[in-house]
Amino acid sequence: MALLRSEKKKEETTTIFFASDLHGSEVCWRKFVAASDFYGADVLVLGGDFTGKLVIPIVSRPSGLEARFMGKLHELEADDLPAFKRRVADAGFYPVEVDEEEFDQLEADPQKVDDLFGELMTERLVAWIEYAAEKLGPSGTTIYTAPANDDPYYIDDVIGRHGGDVLVNVEGRAVEIAPGHEMISTGWTNRTPWDTPREYDEADIESHIDDMAAGLQSVETAIFNLHPPPFGTSLDVAPKLTPDLEVVTSAGATVMDNVGSVAVLDAIKRHQPLLSLHGHIHEAAGQERIGRTVAINPGSEYGEGVLKGALIRIGGGRVHSYQATSG
């Protein structure tokens, strides 16, 4: 009787799909949800800054409909509205139809703009959750997220009331997302020139990360999902700005600068997690090793409707593979 060499038992692994900085893009959200099936991902991790930045009024005037979008005045017919609204939403903005009086009131009252922004942002996020529940519900796939500096604080309440088991806010806590692999998350970001909602001093960020790390069963097998990338690496390089927010150039070329978090860098060096996931700096897509830690920033091209991501396979206390994705 012939004897066959026994095959080594295949190690159980979990596939994670990570993307960040969707900034309200409808098409990127649909692609993100579809990544579970397309890439065979067991877990979806959504980095912060998933809400949009601008409301685009579509004003009804005696001469017809008009809207200013992407620096251009668009004159529209009623039949143009569905496609135009879809284009605006796919770019991450919030289209809204108003008459001349409503538009004048919005221009005169910033609080009205803020209130409208909140209504539209909430409406879209609830719709996103409903879409994800429809597509992911049968598989039981969960999306883990932590709102970041461009996400207003009331978004946490929206997720808490509507997210259920589909979209889970894991800010400030540890969750096991694969057997033997916990993840800690924060959207807290170091100071920026834009004074956005969740900006903190480096000392506060460091303390926040350390508090979460102290509750881990095993930091060596853990994932740090930290919105700002580590300072002084290839993952935090962005155009340098003047005090009045103009891009600095030299000999006709944009001058680049490191703008990430010192606290995040120090935390990774001290704790040496298995993996660290970042976003925030759209231009700095890449991977880098910091000691034993694999650090990843997938970057973002949400404005073009392109979903940048990272597909990562982990198991048994190690990273088996990781690759950048774009689509």
Open item on the list: Being out of contact with any His (no Cβ under 7 Å at 6 or more places or on another chain), closer than 21 Å to Gly187 by Cα and either part of a helix (DSSP H, G or I) or touching a residue at least 60 places away in the same chain (Cβ under 8 Å) (or both): is that true of Leu235 here?
Closed with: no
Task: Of all residues making up the range 38-62, the number that are among the hydrophobic types (A, V, I, L, M, F, W, C), under 22 Å from Gln323 (Cα atoms) and either open to solvent by 30 Å² or more (accessible area, probe 1.4 Å) or assigned to a strand (DSSP E or B) (or both) - done: 5
- [ ] Determine which member of the set Gly137, Gly92 is at positive phi and not aliphatic (A, V, I, L, M).
- [x] Gly92
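Residue-by-condition table, conditions (1) among the aromatic types (Phe, Trp, Tyr); (2) closer than 13 Å to Ala263 by Cα; (3) assigned to a loop (DSSP other than H, G, I, E, B):
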| residue | (1), (2), (3) |
| --- | --- |
| Thr192 | no, no, yes |
| Ser207 | no, yes, no |
| Met212 | no, no, no |
| Leu216 | no, no, yes |
| Pro243 | no, no, yes |
Task: Conditions (1) of a type in the set (A, V, I, L, M); (2) free of Cβ contacts under 8 Å to residues at least 40 places away in the same chain; (3) assigned to a helix (DSSP H, G or I); number of the one not met by Val294 - done: (3)
TODO: Return the residue satisfying two criteria in turn: it lies in the range 302-325 and is without any contact (Cβ under 8 Å) to a residue 24 or more places away in the chain and assigned to a strand (DSSP E or B), and of such residues it is nearest to Thr51 (Cα to Cα).
DONE: Gln323
- [ ] State whether one or more residues within the range 253-265 are more than 24 Å from Phe17 (Cβ to Cβ), of a type outside the set (Ser, Thr, Tyr) and open to solvent by less than 10 Å² (accessible area, probe 1.4 Å).
- [x] yes
- [ ] Could you list, in sequence order, all residues of the range 10-32 that are open to solvent by 10 Å² or more (accessible area, probe 1.4 Å) and more than 24 Å from Pro179 (Cα to Cα)?
- [x] Glu26, Val27, Arg30, Lys31
Open item on the list: I'm trying to understand the selection: among the residues of the range 176-202, which are within 18 Å of Gln272 (Cα to Cα) and open to solvent by less than 20 Å² (accessible area, probe 1.4 Å)?
Closed with: His181, Met183, Ile184, Ser185, Thr186
Open item on the list: I'd like to verify a number: residues in the range 292-327 that are buried (at least 24 other Cβ atoms within 10 Å of the Cβ) and among the polar types (S, T, N, Q), how many?
Closed with: 2
- [ ] Select from the range 85-115 the residues that are assigned to a helix (DSSP H, G or I) and small (Gly, Ala, Ser) and write down the one among them that is surrounded by the fewest Cβ atoms within 10 Å (Cβ to Cβ).
- [x] Ala108
Open item on the list: Can you confirm whether Ile205 is open to solvent by less than 10 Å² (accessible area, probe 1.4 Å), farther than 19 Å from Val294 by Cα and aliphatic (A, V, I, L, M)?
Closed with: yes
TODO: Taking Ile268 as the residue in question, decide whether it is touching a Gly at 6+ places or on another chain (Cβ under 9 Å) and of a type in the set (Val, Ile, Thr).
DONE: yes
Task: Residue count for the range 124-178, restricted to those that are part of a loop (DSSP other than H, G, I, E, B) and small (Gly, Ala, Ser) - done: 6
Task: Total residues in the range 129-166, condition of a type outside the set (Val, Ile, Thr) and open to solvent by less than 10 Å² (accessible area, probe 1.4 Å) - done: 8
Task: Residues of the range 179-190 satisfying the condition of being in a loop (DSSP other than H, G, I, E, B) and under 11 Å from Ala146 (Cβ atoms) - done: Gly187, Trp188
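The values are calculated or read from the model by the stated rules, or taken from the named source; none is laboratory data. Remember, predicted model here, so these are calculated numbers, not experimental data. Every residue, glycine among them, receives a Cβ derived from its backbone with ideal geometry; neighbour counts consider all protein chains shown. The protein model used for the area step is the full one, side chains on, heavy atoms only, and it has no ligands, DNA or RNA in it. Shrake-Rupley method; radii C 1.70, N 1.55, O 1.52, S 1.80 Å.
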